[in-house]
Amino acid sequence: MSQCIVWSGAKNHKGYGQVRILGKMCIVSRVSYRLFNGPIPFRAQVCHTCDNTRCVNPNHLEPVTQPENVKRAV
């Protein structure tokens with residue numbers, strides 16, 4: 001697996017990188033996923049396969065359902 005690309009900007013209270021786009025706060029990993037992979041499926045969450053919440057490497061991000069994301073977090 002390739003190395004993490006760690007976001008060094010602002011982060012939210014859960015440790016996820018965040019950025020303001022057009023006045024709206026956005027999670028940077030979701031922005032990265034959209035830029036490199038296209039739209040995130042409806043109701044999907046972006047899972048970090050590397051388990052690094054500040055990683056923005058699009059190769060480490062994949063859309064999953066909420067139950068799958070919780071299962072992987074355990």
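Observations, loosely collected:
- Residue-normalised accessible area of the chain, expressed per residue, 1.4 Å probe, Å²: 70
- Note on exposure: PHE42, PHE36 ranked by accessible area (1.4 Å probe, complete protein assembly) read PHE42, PHE36, with the most exposed listed first.
- Amide H contacts of CYS55 (H built 1.01 Å from N, under 5 Å, at least 5 apart or other chain): TRP7
- Ranked from largest to smallest solvent-accessible area, with a 1.4 Å probe on the protein heavy atoms, SER32, SER2 come out as SER2, SER32.
- Charges were assigned to the Cβ only: +1 to each Lys and Arg, -1 to each Asp and Glu. The resulting dipole of the chain about its Cα centre is roughly 280 debye.
The values are calculated or read from the model by the stated rules, or taken from the named source; none is laboratory data. Everything numeric here is computed off the predicted structure, so don't read it as measured data. Cβ sites come from the backbone with ideal geometry, for glycine too, and all protein chains shown count toward neighbours. Just so you know, the surface numbers come from the protein's heavy atoms only, side chains and all, with ligands and any DNA or RNA stripped out. Shrake-Rupley method; radii C 1.70, N 1.55, O 1.52, S 1.80 Å.
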